[in-house]
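Written below as structure tokens is the structure these notes are about.
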Amino acid sequence: MKTQSIAAQTGMGAVHLAVTDGDRALRFYRDYVGLTALPSDGDEIRLGVTGRELVVLYPGAERPVVPRTSGLYHLAIVVPDRRELARVIARLGNLRWDQYPTDHVMTKANYLWDPDGNGIEIYVESPEDGIMGMVNGTYGAWDKEGRPRSGRDPIDLEEMFSHLLPGDRLDDPLPAGTKMGHVHLHVADVEDALRFYHDLVGFDVMGHMPGMGFVSAGGYHHHLGLNTWAGQGAQPAPPGASGLRRFTIELPTKRDLDDVGHRLERGDVKITEQGDGLAATDPSANKVLFRTTS
């Protein structure tokens, strides 16, 4: 049972992905998603926003993402306002890339997949429109007047595009303030995942129902989503497949990082020092790096 919550200022950092074709993946994440290429000392391709690393690509995978395995469901990049989400949707439309703009009431989200099948969400917070989540043991969505909503309606694109300004360039990169909002994982068992991320790591449970769980720090709707939609007991992807190599959880101070490390060690989780952080593997073989933002 969890004895201490993770620091409220905890957030998500860079997501590392294996891809088959580095040049193709770079073009996609730069020209379609809107990330900016960052300097790199190795073969990996680093991308981010105003110097903040968000996605790291490792070319050379032998095959695309293998379905029905544990790993990444999607990485979720949050943009500062509706204008920026409108720009993303319009750009992808002009480029004729499949996308699924979805109204979650408290967020407006756009879903897509990279050329290897890695899932991506790009979203904006919209709590002024209502709420979505667990209320009295029921998962649902309600608008600002308290009326039930599906939470999965298509976005009102006319309203969304109204936030674009004359002269806006659709090919401009994502702006300052863009960050990794959350990461959603395929796991083998939600209960096991919650024991790891809640009981040991220290995230608070924001929602839990059969086959799905959401955890966060500081009351955020979720920093991590956990699901068994790839199948109960889903196994890790085979070697050489595209997909998640690791994701990053960022803590505000070295003391907060040490606290997480001590809890994991007490839970008999093997941790190793990796650069400026601590690396561990969850029960579904998803690798996570804990590091500080300072």
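The values are calculated or read from the model by the stated rules, or taken from the named source; none is laboratory data. Source: prediction; values computed, not measured. Counting neighbours? That spans all protein chains shown, and the Cβs are built from the backbone with ideal geometry, glycine included. With ligands, DNA and RNA removed, areas are computed over all heavy atoms of the protein, side chains included. Shrake-Rupley method; radii C 1.70, N 1.55, O 1.52, S 1.80 Å.
For (1) farther than 30 Å from Asp199 by Cβ; (2) assigned to a helix (DSSP H, G or I); (3) not hydrophobic (A, V, I, L, M, F, W, C), each residue gets a yes or a no:
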{"residue": "Gln4", "(1), (2), (3)": "no, no, yes"}
{"residue": "Gly13", "(1), (2), (3)": "no, no, yes"}
{"residue": "Thr20", "(1), (2), (3)": "yes, no, yes"}
{"residue": "Asp23", "(1), (2), (3)": "yes, yes, yes"}
{"residue": "Tyr32", "(1), (2), (3)": "yes, yes, yes"}
{"residue": "Arg46", "(1), (2), (3)": "yes, no, yes"}
{"residue": "Glu53", "(1), (2), (3)": "no, no, yes"}
{"residue": "Arg68", "(1), (2), (3)": "no, no, yes"}
{"residue": "Ile77", "(1), (2), (3)": "no, no, no"}
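Selection over region 206-256 of residues that are part of a loop (DSSP other than H, G, I, E, B), under 27 Å from Ile131 (Cα atoms) and either touching a Leu at 6+ places or on another chain (Cβ under 7 Å) or not hydrophobic (A, V, I, L, M, F, W, C) (or both) gives a count of 9.
Given the options Ala7, Ala25, name the one that is crowded, with 16+ Cβ neighbours inside 10 Å, among the small types (Gly, Ala, Ser), touching a Pro at 6+ places or on another chain (Cβ under 7 Å) and under 22 Å from Leu92 (Cβ atoms). Steps first, please.
Values: Ala7 fails: under 22 Å from Leu92 (Cβ atoms).
Unique residue meeting the criteria: Ala25.
Kindly indicate the residue of region 205-219 that is within 22 Å of Ala7 (Cβ to Cβ) and open to solvent by less than 50 Å² (accessible area, probe 1.4 Å) and also modelled with the lowest pLDDT among those meeting that condition. Result: Gly207.
Does Asp129 satisfy the criteria of being open to solvent by less than 60 Å² (accessible area, probe 1.4 Å), under 17 Å from Trp97 (Cβ atoms) and out of contact with any strand residue (DSSP E or B) (no Cβ under 6 Å at 6 or more places or on another chain)? Answer is no for this residue. Out of curiosity, is Gly146 open to solvent by 10 Å² or more (accessible area, probe 1.4 Å), within 27 Å of His16 (Cβ to Cβ) and not in a helix (DSSP H, G or I)? No: the conditions fail for Gly146.
Number of residues in region 149-175 that are touching a His at 6+ places or on another chain (Cβ under 8 Å) and open to solvent by 50 Å² or more (accessible area, probe 1.4 Å): the value is 1. Among the residues of region 155-178, those identified as in contact with a strand residue (DSSP E or B) (Cβ under 6 Å, 6 or more places away or on another chain) and farther than 11 Å from Ala86 by Cβ are Pro173, Leu174, Thr178.
Could you grab me the full set of residues in region 180-196 that are of a type outside the set (A, V, I, L, M, F, W, C) and either under 21 Å from His16 (Cα atoms) or assigned to a strand (DSSP E or B) (or both)?
Of the residues in region 180-196, the ones of a type outside the set (A, V, I, L, M, F, W, C) are 181-182, 184, 186, 189, 191-192, 195.
Answer for region 180-196, where residues must be of a type outside the set (A, V, I, L, M, F, W, C) and either under 21 Å from His16 (Cα atoms) or assigned to a strand (DSSP E or B) (or both): Gly181, His182, His184, His186.
Do the conditions hold for Ile120, that is, is it surrounded by 16 or more Cβ atoms within 10 Å (Cβ to Cβ), touching a residue at least 24 places away in the same chain (Cβ under 8 Å) and not in a helix (DSSP H, G or I)? Walk me through how you get there before you give the answer.
Details: surrounded by 16 or more Cβ atoms within 10 Å (Cβ to Cβ): yes; touching a residue at least 24 places away in the same chain (Cβ under 8 Å): yes; not in a helix (DSSP H, G or I): yes.
When the stated conditions are applied, Ile120 passes them.
Take the conditions (1) part of a loop (DSSP other than H, G, I, E, B); (2) open to solvent by 30 Å² or more (accessible area, probe 1.4 Å); Tyr73 misses just one of them, which is (1).
Filtering region 39-54 down to residues that are within 18 Å of the chain's Cα centre (by Cα) and farther than 13 Å from Gly22 by Cα, which residue is most open to solvent (accessible area, probe 1.4 Å)? If you could, list the steps in order and put the result at the bottom.
Step one: list which residues in region 39-54 are within 18 Å of the chain's Cα centre (by Cα), which gives 46-49, 52-54.
Remaining after also requiring farther than 13 Å from Gly22 by Cα: 48-49, 52-54.
Working: Gly48: 0, Val49: 1, Arg52: 95, Glu53: 60, Leu54: 1 Å².
Among those that are within 18 Å of the chain's Cα centre (by Cα) and farther than 13 Å from Gly22 by Cα, it is Arg52.
Given the condition open to solvent by 60 Å² or more (accessible area, probe 1.4 Å), in contact with a Ser or Thr (Cβ under 8 Å, 6 or more places away or on another chain) and modelled with pLDDT under 95, answer yes or no: does some residue in region 56-63 qualify? No.
Applying the condition of being of a type outside the set (A, V, I, L, M, F, W, C) and farther than 26 Å from Gly11 by Cβ to region 237-271 and asking which residue is surrounded by the most Cβ atoms within 10 Å (Cβ to Cβ) yields Gly240. Has region 176-187 got at least one residue that is touching a helix residue (DSSP H, G or I) at 6+ places or on another chain (Cβ under 7 Å), farther than 29 Å from Val65 by Cα and open to solvent by less than 60 Å² (accessible area, probe 1.4 Å)? Taking every residue of region 176-187 in turn, none turns out to be touching a helix residue (DSSP H, G or I) at 6+ places or on another chain (Cβ under 7 Å), farther than 29 Å from Val65 by Cα and open to solvent by less than 60 Å² (accessible area, probe 1.4 Å).
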